[in-house]
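Quick notes on the structure that follows.
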Amino acid sequence: MFISLVTIGANLGLSIWLNSLIEYRGLALGTALAALVNAGLLLAFLARRIGGLEAGRILNTFVRILVASAVMGAAAYYAHDWLRSTIPGDTLVIRMVQVFAAIGIGLIVFAAAAFALRVHEVGAAFQRVLGRVRR
């Protein structure tokens, strides 16, 4: 319960502060940063409870996923730009096609980057999702 209260406080404080700096984008960033605070606190409490974690392995995986995510973000950004010039228009349907196609490209690039970087956890997560979809 303590961690939940700290996370709520961090979310509220960060969202208000960042909203005053970068407007509505600050709400999303504040929520994301509060989620990181939550994950960090939960990880610290878990490590203390079970007597430690494999910090090196966790950091290695984190860095690999961070790199794959950066590649995905760049791919989705440039794919969206390309789609906007390739499929011009401002109707809702055209904008949805542009956005969802860019998201799809981003997911494919992320999967390829994670595979190339040998992020086994991402492969395991995809297998679990595919297993549930196939049922």
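If you take the residues of the stretch 1-27 that are touching a Ser or Thr at 6+ places or on another chain (Cβ under 9 Å) and not hydroxyl-bearing (Ser, Thr, Tyr), which of them is surrounded by the fewest Cβ atoms within 10 Å (Cβ to Cβ)?
Leu27
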- prompt: Does Arg84 satisfy the condition of being loosely packed, with under 14 Cβ neighbours inside 10 Å, free of Cβ contacts under 8 Å to residues at least 60 places away in the same chain and among the charged types (D, E, K, R)?
  reply: no
- prompt: Is it the case that the stretch 116-123 has a residue that's assigned by TED's automatic domain parsing to the domain that holds Thr61, more than 16 Å from Val67 (Cβ to Cβ) and either of a type in the set (A, V, I, L, M, F, W, C) or in contact with a Pro (Cβ under 6 Å, 6 or more places away or on another chain) (or both)?
  reply: no
message: Given the criteria under 14 Å from the mean Cα position of the chain (by Cα), surrounded by fewer than 14 Cβ atoms within 10 Å (Cβ to Cβ) and modelled with pLDDT of 90 or more, does Phe62 qualify?
response: yes
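The values are calculated or read from the model by the stated rules, or taken from the named source; none is laboratory data. This structure is a prediction, so every number in the text was calculated from the model and none was measured. Please note: Cβ atoms are built from the backbone with ideal geometry, for glycine as well, and neighbour counts cover all protein chains shown.
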